[in-house]
Amino acid sequence: MLINITYKMKDKILFSLTANKKTVGKLSKILNIPLGKTKIEHFADGEVICKTLTPVDGKHVFIIQSTSKPAVTRLFELLLLIDSIKRSGSKKITLVMPYFGYSRQDVSWNNEPVSCEVIAKIINVSGVDELITFDLHTPRIHSFFKIPLKDIATTSLFKEYYEKLFEEKNIKSSNLVIVSPDHGSNERAHLLCEALNASSSIILEKVRPHPNVSETLFVAGDVKDKICIIIDDIIDTGGTIVNASKVLFEKGAKEIYVAASHAVFSKDSMNRIKTVNIEDIVITDSIEKKYPHGIKVLPIADLIKPLI
Ligand code: R5P
């Protein structure tokens, strides 16, 4: 058995580019799988060239890269590395995208592009054999892929985190309400509600009059004196969680906790978030960056590990 496992590990190789170096380094150590070397250079006109320096003949290659900011640059690095690896005779390429950038433009109104479908079309023909993502913005994205796609929920990370925290704080699950700040996170809220055995999960009504501006209209459900956990896939400008928190406090919520899978935290988001009294914010490191002070960060590597 041990011989088999060793053989399987030897057959695999991990690659990182610029986005998730810490996660990939950690996985390489824990799983004892070698890290492939890459060379990324830029031509005088700014065009990027990216190749593998490690032979990958007959290997199952895992490339781990979020298409987080700068999304286009990171997408292009990825596409060129995939091509280089494919040309060097790899047996199989699994692409792991902890954060899938451009996922939010998923429907077309007034001839707007469906950006996530465009990205999916490119990945379909890139040479990748399969794709693994985490908490995709919407299940609709599945239908844009022709290659096998596994989208993994981050619920188990948040479950473990909150169980420990609420035990320390002596918060009972019967006093918990899980809040989806819009219709898109409803499924996520249900999953967390079940995992924590919370009293209920509710959905808020959110509208977006303009890009980057959101308004939360009402709360259907009783939150009076409850401990609320708002769960969302992304924190970007912070507008969604701030508006949701305000409405929940108006309706009598006692305390508010926030969980989000992907920490975009665009400029000024933290100043906006500080205007409301949120007890605790927890995210994953699907996007590696310098996180604002006081934010709790859970390792996405824990969810990637069993998939390699
Ligand atoms: C949108 O539908 C997403 O699920 C998030 O709610 C949104 O991206 C959060 O963005 P912001 O922090 O800018 O409100």
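Per residue, how big is the convex hull around the C-alpha atoms of the chain? Give it to me in cubic angstrom, could you?
153 Å³
May I ask you to compute the full-extension gain from Trp109 to Leu53, defined as 0.36 nm times their residue separation minus their alpha-carbon distance, rounded to one decimal in nm?
Full-extension gain reported as 15.7 nm.
Tell me the carbon and sulfur percent of the accessible area for the chain, rounded to whole percent, probe radius 1.4 Å.
Ligands and nucleic acids excluded, carbon and sulfur give 53 percent.
To the nearest 10 degrees, how steeply does helix 71-87 sit against the main Cα axis of the chain, on a 0 to 90 scale?
30 degrees
So, taking all protein chains as they sit and a 1.4 Å probe, how much accessible area belongs to Thr18, in Å² rounded to tens?
Per-residue accessible area (Thr18): approximately 50 Å².
Nearest-5 percent of antiparallel DSSP beta bridges in the chain?
In the chain, approximately 20 percent of DSSP beta bridges are antiparallel ones.
If you count, for each residue, the other Cβ atoms within 10 Å and average over each peptide, how do 215-222, 275-282, 130-137 line up from highest to lowest?
By packing density, highest mean first, the sequence is 130-137, 275-282, 215-222.
In region 1-101, which trypsin sites (Lys or Arg not before Pro) fall in coil by DSSP and have 11 or fewer other Cβ atoms within 10 Å?
Lys37
On a 0 to 90 degree scale, rounded to 10, what angle separates helix 21-31 from the longest Cα axis of the chain?
70 degrees
Where Lys and Arg each count +1 and Asp and Glu each count -1, what net charge lies around Val258 among other residues with Cβ under 9 Å from its Cβ?
Once positives and negatives cancel, what remains is -3.
With a cut-off of at most 14 other beta carbons within 10 Å, and DSSP calling the residue loop, which chymotrypsin sites (Phe, Trp or Tyr not before Pro) in region 1-102 qualify? Please list them.
The qualifying sites are Phe43.
What is the sum of charges, Lys and Arg at +1 and Asp and Glu at -1, for the other residues whose Cβ falls under 13 Å from the Cβ of Asp83?
For residues surrounding Asp83, the net value is +2.
May I have the convex hull volume per residue, in Å³, for the Cα set of region 37-175?
175 Å³
Given the convex hull over the Cα atoms of region 182-308, what projected area results after averaging over all orientations, in nm²?
The directionally averaged projection comes out at 8.3 nm².
May I ask you to give the solvent-accessible area per residue for the chain, in square angstrom, as obtained with a 1.4 angstrom probe?
Computed with neighbouring chains in place, this is 50 Å² per residue.
The values are calculated or read from the model by the stated rules, or taken from the named source; none is laboratory data. Quick caveat: nothing in here was measured; it's all calculated off a predicted structure. All Cβ positions, glycine included, derive from the backbone under ideal geometry; neighbour counts span all protein chains shown. Surface areas here come from the heavy atoms of the whole protein model, side chains and all, with no ligands, DNA or RNA. Shrake-Rupley method; radii C 1.70, N 1.55, O 1.52, S 1.80 Å.
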